[in-house]
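Engineer: Have a look at the structure that comes next, please.
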């Protein structure tokens with residue numbers, strides 16, 4: 001067992017997941033990494049391959065699926081996205097906790113293949129506040145907002161798949177909660193025993 005842990009973080013659009021993960025990375029530094037997904041969508045101006053995504057052709061993506069190289073994969077409209085098992089394994093082997101920002105379906109696929117994965121779900125304080133946040137962006141018309149709320153309801157209905165629930169009402173409190181979850185996983189008996197093997201080996205067997 002590695003001393004590092006794999007986390008999936010899911011949330012409806014507008015719940016603040018991306019901002020929380022960015023703040024967590026700023027706080028934790030080299031201890032935590034976000035796995036970069038593979039995608040078949042065209043690279044956009046200013047994007048760098050391997051940073052936003054690992055950009056691959058549809059043929060390459062389908063070959064990876066056929067060879068079982070993805071922990072999870074999905075088609076979103078005309079493009080495919082997936083998390084490579086090798087990328088996650090490499091980061092975990094380096095001792096870093098790994099975060100996958102992913103929807104409930106992807107999180108479920110990952111959990112099925114790596115049962116030790118810790119699921120975290122981020123919720124807004126209410127549906128009303130979520131809708132207010134989406135409207136505050138000022139970029140979508142009523143039709144788009146209605147669709148986003150339907151998608152959000154579908155995503156939120158699977159909150160119970162996760163081991164931990166973070167309510168993003170106050171950002172700093174939500175960040176504290178998220179950071180506490182990440183920190184606590186490094187303190188499990190199994191991980192602490194592995195990290196401090198020489199100490200554990202020096203302790204005699206249970207004495208009644």
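The values are calculated or read from the model by the stated rules, or taken from the named source; none is laboratory data. For clarity, every value in this text was computed on a predicted model and none was experimentally measured. Please note: Cβ atoms are built from the backbone with ideal geometry, for glycine as well, and neighbour counts cover all protein chains shown.
Engineer: In region 155-186, which residue that is modelled with pLDDT of 95 or more and assigned to a loop (DSSP other than H, G, I, E, B) is farthest from residue 130 (Cα to Cα)?
Structural biologist: 163
Engineer: Here is a follow-up. Find the residue count for region 30-68, including only residues that are in contact with a strand residue (DSSP E or B) (Cβ under 9 Å, 6 or more places away or on another chain) and within 25 Å of residue 182 (Cα to Cα). Explain how you work it out, then say what you get.
Structural biologist: Start the filter on region 30-68 by keeping residues that are in contact with a strand residue (DSSP E or B) (Cβ under 9 Å, 6 or more places away or on another chain), which leaves 31-43, 47, 49, 52-56, 58, 60-62, 64-65.
With the extra rule that they be within 25 Å of residue 182 (Cα to Cα), the set shrinks to 31-38, 52-53.
Here the count works out to 10.
Engineer: Hey, could you check region 187-208 for residues that are farther than 22 Å from residue 33 by Cβ and part of a helix (DSSP H, G or I) and say which is nearest to the chain's Cα centre (by Cα)?
Structural biologist: Just the residues of region 187-208 that are farther than 22 Å from residue 33 by Cβ, to begin with: 189, 193, 196-208.
Adding the requirement that they be part of a helix (DSSP H, G or I) leaves 189, 193, 197-202.
On the way: 189: 23, 193: 26, 197: 29, 198: 33, 199: 33, 200: 32, 201: 35, 202: 37 Å.
That would be 189.
Engineer: Being under 19 Å from residue 89 (Cβ atoms) and crowded, with 18+ Cβ neighbours inside 10 Å is the filter here, so list the residues in region 35-52 that pass it. Working first, answer last.
Structural biologist: Initially, region 35-52 is screened for residues under 19 Å from residue 89 (Cβ atoms), giving 35-38, 50.
Residues satisfying the conditions are 35, 37, 38.
Engineer: Do we find a residue being touching a helix residue (DSSP H, G or I) at 6+ places or on another chain (Cβ under 7 Å) and farther than 25 Å from residue 15 by Cα anywhere in region 94-107?
Structural biologist: Within region 94-107 (the criterion being touching a helix residue (DSSP H, G or I) at 6+ places or on another chain (Cβ under 7 Å) and farther than 25 Å from residue 15 by Cα), the answer is yes, since at least one residue qualifies.
Engineer: Suppose we filter region 138-152 for residues that are out of contact with any helix residue (DSSP H, G or I) (no Cβ under 8 Å at 6 or more places or on another chain) and without any contact (Cβ under 8 Å) to a residue 24 or more places away in the chain; how many remain?
Structural biologist: 9
Engineer: Now for a different question. Which members of region 84-97 meet the condition of being surrounded by 14 or more Cβ atoms within 10 Å (Cβ to Cβ) and closer than 22 Å to residue 61 by Cα?
Structural biologist: If the condition is that a residue be surrounded by 14 or more Cβ atoms within 10 Å (Cβ to Cβ) and closer than 22 Å to residue 61 by Cα, then 84, 85, 87, 88, 89, 90, 91 are the ones that fit.
Engineer: Any idea which of (1) closer than 19 Å to residue 106 by Cβ; (2) at pLDDT 95 or above; (3) in contact with a helix residue (DSSP H, G or I) (Cβ under 9 Å, 6 or more places away or on another chain); (4) surrounded by 13 or more Cβ atoms within 10 Å (Cβ to Cβ) is the one residue 19 doesn't satisfy?
Structural biologist: With respect to (1) closer than 19 Å to residue 106 by Cβ; (2) at pLDDT 95 or above; (3) in contact with a helix residue (DSSP H, G or I) (Cβ under 9 Å, 6 or more places away or on another chain); (4) surrounded by 13 or more Cβ atoms within 10 Å (Cβ to Cβ), residue 19 is out only on (1).
Engineer: Suppose the filter is modelled with pLDDT under 95, crowded, with 17+ Cβ neighbours inside 10 Å, at negative phi and under 17 Å from the mean Cα position of the chain (by Cα); does residue 81 pass it? Talk me through it step by step, then tell me what you get.
Structural biologist: Numbers: modelled with pLDDT under 95: no; crowded, with 17+ Cβ neighbours inside 10 Å: yes; at negative phi: yes; under 17 Å from the mean Cα position of the chain (by Cα): yes.
It is false that residue 81 is modelled with pLDDT under 95, crowded, with 17+ Cβ neighbours inside 10 Å, at negative phi and under 17 Å from the mean Cα position of the chain (by Cα).
Engineer: Oh, and also: Which number in (1) over 25 Å from residue 147 (Cα atoms); (2) under 16 Å from the mean Cα position of the chain (by Cα); (3) touching a residue at least 40 places away in the same chain (Cβ under 8 Å); (4) not in a loop (DSSP other than H, G, I, E, B) marks the one condition that residue 22 misses?
Structural biologist: Every condition holds for residue 22 apart from (3).
Engineer: For region 66-78, how many residues meet the condition of being closer than 16 Å to residue 41 by Cα and more than 20 Å from the chain's Cα centre (by Cα)?
Structural biologist: Step one: filter region 66-78 for residues closer than 16 Å to residue 41 by Cα, giving 73-78.
Still in the running and more than 20 Å from the chain's Cα centre (by Cα): 77-78.
Going through region 66-78 one residue at a time, the tally reaches 2.
Engineer: Working carefully through the options 14, 46, find the one that is over 12 Å from the mean Cα position of the chain (by Cα), assigned to a loop (DSSP other than H, G, I, E, B), free of Cβ contacts under 8 Å to residues at least 12 places away in the same chain and at positive phi.
Structural biologist: Values: 14 fails: free of Cβ contacts under 8 Å to residues at least 12 places away in the same chain.
The match here is 46.
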